[in-house]
Amino acid sequence: MSAMASTFDIIMRGGWIVTPEGLRREDLAIADGRVAARLANLAGDASQVIDASGSYVFPGFIDAHVHFNEPGRADWEGLASGSAALAAGGGTCFFDMPLNSEPPVLDAVRFHEKEALAREKAHTDFALWGGLTPANLDRLAELRDAGAIGLKAFMSESGIASFERVDEPSLRAGMQAAAQLGLIVAVHAEDNGLAARHTAEKKTAARDARAYLASRPVEVELAAIREALSLAQETGCALHIVHVSSPEGLALIADAKKRGLNVSAETCPHYLLLNEDDVVRIGAPAKCAPPIRDEARRRALWEALRAGILDTIGSDHSPAPGTMKTGDDFFAIWGGIGGVQHGFALLFSETLDSAERDWPLLSALLSRNVARRFRLGRRKGSLDVGSDADLAIVTPSEPREIAASELLTRHPISAYVGRRSRVRVTHTLVRGRAVWSDGRLVDSHLQPRLLSPQSATS
Ligand code: ZN
């Protein structure tokens, strides 16, 4: 026995541990990449001690919705810069969408191509969505076998020519196949016909932000959610509705759950943080679809969150070069919000004064619920002893304005530049390795892992 040997690799001392169960003042020890102990005034020593006093230790955030656009459009973001920004925001795992990488992930060859790039470049662990379009209904089994976390479909035009939207028959066929394969299907829920009709009406003289917002009213989202729920009922397929923008949409999903449907709802930080007036003020960086709603709906989303009828929060980080995010015609500007670095932390900033009530809820939505819904296994999304030591330290700080210069994304564009934040993410650890430390990106020598759905028993 060596006198030099430490009990643990890392101990975090003096922080508040935040989990869905609540806030607890405990030290947390890490050994061999796992949570080894959690106890007030933990005995033992470690090679590294992190002073977490005055800080909050969360399970790492699992962002089930990003578009890092590599391969094919790495000039829009890329796996390295996107995951660096994620890590800077407390994220320990991302699920990359099958688009806008090019060609999109519609078969196993494209899946393995992106997987290899992510293993080489990512700063965190990752999972990969496969696509579900009319063109690849015969490829869903190979996507499952390759390790896809689920299948993503667009019910309205995606804006990407190589990623066709599903009409009702192809979505039904895809969900029937997915149910057989045990895959979850995620949908972008906007009704294509209604969206086209409202767009034609509003796309007249003034092509400004207000006209764009008016061109995608809530009923566009609700019609698609109703259709997806009806197909989930018919096929028995597990359904995940991404970026729900309205409390009315969440109510439809909550009602379907009561009827026994296997369905979950995601929203995004921007729907909780921004309203229509913010879109007008911020302009192109705040353009997305479904669009950001009015203030009453924004507040109602927080009420829904507190009422427990929301399942997950994902960033839907969807960046594009600055040249595509400018112009007088708001309809023509490329949609998508860059927010992976600050979106989650701003939710904590927003609720700092009610942390005891709200942070356990946010922790569930950002970590535990994601791990459970996508069957990542017991070691993910938790700070229980034995879990992977994926965690984020959030520290309240003097209010400061988020600056474009601090963005680690490829393009210095975010809906949150100029917004005041009252917290900082000071550390992010993936399986016990610091990838973000004291507010700096660290070369962690992490070997990023592909996460796939575990069998029901594991
Ligand atoms: Zn998206």
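Tell me the mean residue ellipticity at 222 nm calculated for the chain from its helices only (DSSP H runs of n ≥ 4, each -39500 (n - 2.57), averaged over every residue, nearest 500).
Roughly -9000 deg cm²/dmol at 222 nm, from the helical runs in the chain.
When the accessible area of the chain is split by element with a 1.4 Å probe, what percent falls to carbon and sulfur?
Numbers: 8270 of 17340 Å².
In the chain, the share of accessible area belonging to carbon and sulfur is 48 percent.
Report the net charge of residues surrounding residue 433, where surrounding means a beta-carbon distance below 14 angstrom and charges are Lys +1, Arg +1, Asp -1, Glu -1.
Value of the local net charge: -3.
With no solvent and one point per C-alpha, what does the Debye sum give as log10 I(q)/I(0) for the range 317-400 at q = 0.25 Å⁻¹?
The Debye formula, applied to the Cα set alone, gives -1.19.
Quick check: convex hull over the Cα atoms of the range 70-187, volume per residue in Å³, rounded to an integer?
In the range 70-187, the Cα hull volume divided by residue count equals 96 Å³.
Where the Cα atoms of the range 79-135 are projected onto their three principal axes, how long is each span, largest first, in whole Å?
37, 19, 15
So, counting K/R as plus one and D/E as minus one, what does the shell of residues with Cβ under 14 Å around residue 298 add up to?
Residues near residue 298 contribute -4 overall.
Would you check the accessible area of residue 142, probe 1.4 Å, heavy atoms only, in square angstrom rounded to 10?
The value for residue 142 is about 60 Å².
Can you list residues whose amide H is under 5 Å from residue 294's amide H, if they're 5+ apart or on another chain and H is modeled 1.01 Å from N?
Those qualifying (amide H under 5 Å, at least 5 residues apart or on another chain) are 276.
How far is helix 79-88 tilted, in degrees, relative to the longest principal axis of the Cα atoms in the chain, given as a value from 0 to 90 rounded to the nearest 10?
Helix 79-88 sits roughly 60 degrees off the main axis of the chain.
Within the range 287-312, which residues have the backbone N less than 20 Å from the label spot 7 Å out from residue 281 along Cα→beta-carbon, could you tell me?
Counting only backbone N, you get 287-288, 291-302.
Could you tell me, in Å, what Rg and Dmax come out for the Cα atoms of the chain?
Cα only, the chain: 21.2, 80 Å (Rg, Dmax).
On a 0 to 90° scale, report how tilted helix 192-202 is relative to the longest principal axis of the chain, with both axes built from alpha carbons and the result rounded to the nearest 10.
Once rounded, the angle reads 70 degrees.
From the phi of every residue in the range 23-33, what ³J(HN,Hα) in whole Hz does the Karplus formula 6.51 cos²θ - 1.76 cosθ + 1.60 yield, where θ is phi - 60° and glycine or proline is x?
Going residue by residue, I get 9, 9, 7, 9, 7, 10, 10, 10, 9, 6, x Hz, with x marking Gly and Pro.
Would you mind getting the accessible area per residue of the chain, heavy atoms of the protein chains only, 1.4 Å probe, in Å²?
38
Expressed as an acute angle from 0 to 90° and rounded to the nearest 10, what is the orientation of the C-alpha long axis of helix 295-306 relative to the principal long axis of the chain?
Taking Cα atoms only, the helix is inclined about 50 degrees.
Which cross-chain or sequence-distant (5 or more) residues have an amide H under 5 Å from the amide H of residue 27, H modelled 1.01 Å from N in plane?
14, 39, 40, 41, 42
The values are calculated or read from the model by the stated rules, or taken from the named source; none is laboratory data. All values reported here derive from a predicted model rather than from experimental measurement. For neighbour counting, all protein chains shown are included, and Cβ atoms are generated from backbone atoms with ideal geometry for every residue, glycine included. Side chains are part of the model used for accessible areas, which takes the heavy atoms of the whole protein and leaves out ligands, DNA and RNA. Shrake-Rupley method; radii C 1.70, N 1.55, O 1.52, S 1.80 Å.
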